[in-house]
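The values are calculated or read from the model by the stated rules, or taken from the named source; none is laboratory data. This structure is a prediction, so every number in the text was calculated from the model and none was measured. No Cβ is skipped: glycine too gets one built from the backbone with ideal geometry, and neighbour counts run over all protein chains shown. Side chains included, ligands, DNA and RNA excluded: accessible areas come from the protein's heavy atoms. Shrake-Rupley method; radii C 1.70, N 1.55, O 1.52, S 1.80 Å.
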Protein chains: 2
Amino acid sequence: MKKMDLKEGEIQHMVIFKLPYPLGSDKAEKFLKDGTRILTGIPVVKEFQAFKQVSPKNDFQYGFSMVFSNQANYTTYNEHPDHVAFVEDRWKKEVTDFLEIDFKKPY
Amino acid sequence: MKKMDLKEGEIQHMVIFKLPYPLGSDKAEKFLKDGTRILTGIPVVKEFQAFKQVSPKNDFQYGFSMVFSNQANYTTYNEHPDHVAFVEDRWKKEVTDFLEIDFKKPY
């Protein structure tokens, strides 16, 4: 069985979120595709994934996941103008609820 | 940039959770290692990962992640005696809070 463990120092940053659009709608797909395009354009972002969230045990509809090699790259991402613009112009205007999760290797 | 997208039909099952033990304690590490050993022994489980959760924006401390090739394998996992025993004997006795997340490819 293939194991995909994070390396020492790597951080997997995830966010699960809701949009105010019908599931599968063009507006929802556009948000996911724009987010993917904008965030994957930031050089420190590795292994970006977009998801739909399908568990009935929580209310979130979508997810983004990415890996940073270290905390400095995570900070670079947070402060990158394209990330800041995405948060201001799209995230704050469209996302209605979200939860951030950050993973590191456990031991 | 490497992309790690899920294939059509695959489900990434994640759970983030809290334990009643100090972070980094032997009891916490034992729970993570026992869970990893028991759950990776179930043949339908792919790409299993254990994590510590480090974002201050939520209260969960750890995570497990795995991928199933399809819904039938997810059901096989849920009903597998080793999973059922782990839930009864360990999860229900030790985990104090948790959130389940299931991801599929978005479109």
* Asked: Under a point spin-label approximation (7 Å from Cα along Cα-to-Cβ), what is the B:ASN58-A:ASP34 distance to one decimal in nm?
  -> 2.5
* Once every DSSP H run of n ≥ 4 in chain A is given -39500 (n - 2.57) and the sum is divided by its residues, what mean residue ellipticity at 222 nm do you get, rounded to the nearest 500 deg cm²/dmol? -> -8000 deg cm²/dmol
* Structure fact -> Carbon and sulfur atoms account, in whole percent of the 1.4 Å probe accessible area of chain A, for 51
* **Charge-dipole axis of the protein assembly as shown as Lys and Arg at +1 and Asp and Glu at -1 on Cβ define it, positive-most pick from A:TYR21, A:TRP91, B:GLN71** => B:GLN71
* **Inter-copy separations for A:ARG90, label at 7 Å along Cα-Cβ, nm, ascending** => 3.9
* Cβ under 13 Å from A:PRO22's Cβ, A:PRO22 left aside: what net charge do those residues give with Lys, Arg +1 and Asp, Glu -1? -> +2
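Net charge near B:GLN12, counting Lys/Arg +1 and Asp/Glu -1 over other residues with Cβ under 10 Å of its Cβ?
Net local charge, B:GLN12 excluded: 0.
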* To do: Two decimals is fine: what's Rg over Rh for the range A:5-65, C-alpha atoms, Kirkwood radius as Rh?
  => 1.02
* 1.4 Å probe accessible area per residue over chain B, in Å² -> 50
* To do: Check chain A and count each lysine pair with an alpha-carbon distance under 19 angstrom, considering only pairs eight or more places apart or from different chains.
  => 27
* Can you list the trypsin sites (Lys or Arg not before Pro) in the range B:20-107 that are in a DSSP coil and have 15 or fewer other beta carbons within 10 angstrom? -> B:LYS57
* Where B meets A: accessible area buried, both sides, 1.4 Å probe, Å² -> 3500
* Structure fact -> With T = 10 °C, eta = 1.306 mPa s and Kirkwood Rh from C-alpha pairs, the Stokes-Einstein D of the range B:57-100 in µm²/s is about 131
* **Burial order of peptide ranges A:9-17, B:16-24 (average beta-carbon count within 10 Å, highest first)** => A:9-17, B:16-24
* Asked: Cα atoms only, chain A: Rg and Dmax in Å?
  -> 14.3, 42
* Provide, for q = 0.11, 0.12, 0.15, 0.17 Å⁻¹, the log10 of I(q)/I(0) from a solvent-free Debye sum over equal Cα point scatterers in the protein assembly as shown. => -0.54, -0.64, -1.01, -1.28
* Sum of side-chain charges, A:TYR107 neighbourhood, beta-carbon under 9 Å (Lys, Arg +1; Asp, Glu -1) -> +2
* Amide H neighbours of B:TYR62 under 5 Å, counting only residues 5+ apart in sequence or on other chains, H built in-plane at 1.01 Å? -> B:PHE17, B:GLN53
* Within chain A: Cβ-based charge dipole about Cα centre, in debye rounded to nearest 20 (Lys, Arg +1; Asp, Glu -1) -> 360
